Amino acid sequence: MSNWVRAHTNIALIKYWGKKDEDLIIPMNNSLSLTLDAFYTDTRVTFDDALTADELYLDDMLQDFTALKKVKTVLDLVREKAGIRSKAKVESYNHVPTAAGLASSASGLAALAGAASLAAGLELSSVELSRLARRGSGSASRSIYGGFAEWQKGSSDETSFAVPVDDADWDIGMLFIVVSDKKKDVSSREGMSRTVRTSPFYQGWLDSLDEDLNAMKQAIKKQDIDKVGVIAEQNALKMHATTLGAKPPFTYWSPDSLKAMDSVRALREQGYSVYFTMDAGPNVKLICRQSQLEEIRTHLLSDFTGSQLIAARPGPALHVVTG
Ligand code: DP6
């Protein structure tokens, strides 16, 4: 039997931005995402008594301690649960269409939660897997599920996990505009922490979230692409506005991000249902009808190169890779 586990990345339409508990990764707010087919991580874990330290291989390259930190958190939790003392070898492959700097911790830590618990012989429910993945990286809690998932903030380790919302088996897709493949200056972890501590705009962000979340769930239920897009775009802009009020201030936007936003607005004027969202980096992700992905991509080729444009469709839940 194969013990490779695959998790797909997810992009939040209602963003997770801020922690109430930085150690346990309990968020300040609920978030809601779409899992995508285009980017995923395959991971295998082997517990081995002969090892003297945990080892992480990413695309066949042995990683240093910094990359290992989040991984160790998840491995330690699995060891504790299963009563295992041996160190682990973790092999991970990121499947990203180009070297686009899009490899996300969401798919990585979700695949690790699945692979480590499988290797340890634990049979965990989706909720338990989501909690475990969350301890590695918050957004990973949502990559346990396919389609739309909501991470319910809860108030403790036991009550903070994601649940499935909708299988996204309708006309929705995403298009990534890759404007930079550089490592970000301010990690999402540091960025959200600084914002919570120092930005006077942070409370405004929090106050507006219930409305966004409820409206988003209604829009998904009605399969209304325009409502989904409008709410996601506004939600992302609000999140990014909080960073400008932080001390010291920062932004994830680059001139090319603004160029991508302008292209989206221009396409909208031509009648397309297309909207954008952004995370802790300059790349822009478009929300549109799956049936119009190719047409929109063709239009964007006048502003961007083919390799900058990556189409994605709704993706599946965490699963063991067979064969
Ligand atoms: C902007 O999940 O990477 O992408 O929990 O500190 O590992 P940690 O952060 P991470 O943050 C993701 C933030 C975001 C929004 C989102 O995915 O909801």
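The values are calculated or read from the model by the stated rules, or taken from the named source; none is laboratory data. Keep in mind that this is a model prediction, so the values were computed, not measured. In this analysis, Cβ positions are derived from the backbone assuming ideal geometry, glycine residues included, and neighbour counts consider all displayed protein chains.
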Exercise. Residues Lys247, Lys238, Lys227: which one is charged (D, E, K, R) and within 16 Å of the ligand (Cβ to nearest atom)?
Worked result: Lys238
For this session: For Ser257, work out the one condition from (1) over 22 Å from Trp151 (Cα atoms); (2) in a helix (DSSP H, G or I); (3) among the small types (Gly, Ala, Ser); (4) more than 14 Å from the ligand (Cβ to nearest atom) it doesn't fulfil.
Result: (4)
Seminar exercise, completed: If we keep only residues of segment 53-91 that are polar (S, T, N, Q) and modelled with pLDDT of 95 or more, then the residue nearest to Asn10 (Cα to Cα) is Thr73
Exercise. Which residues, counting only those in segment 151-167, are surrounded by fewer than 23 Cβ atoms within 10 Å (Cβ to Cβ) and under 18 Å from Thr277 (Cβ atoms)?
Worked result: Val165, Asp166
Problem set entry | All positions within segment 106-131 that are hydrophobic (A, V, I, L, M, F, W, C) and more than 21 Å from Asp48 (Cα to Cα) | Ala106, Ala110, Leu124, Val127, Leu129
For this session: Could you please give the count of residues in segment 166-213 that are in a loop (DSSP other than H, G, I, E, B) and within 14 Å of the ligand (Cβ to nearest atom)?
Result: 4
Exercise. For the subset of segment 1-21 comprising residues that are more than 8 Å from the ligand (Cβ to nearest atom) and surrounded by fewer than 24 Cβ atoms within 10 Å (Cβ to Cβ), which member is nearest to Ser105 (Cα to Cα)?
Worked result: Arg6
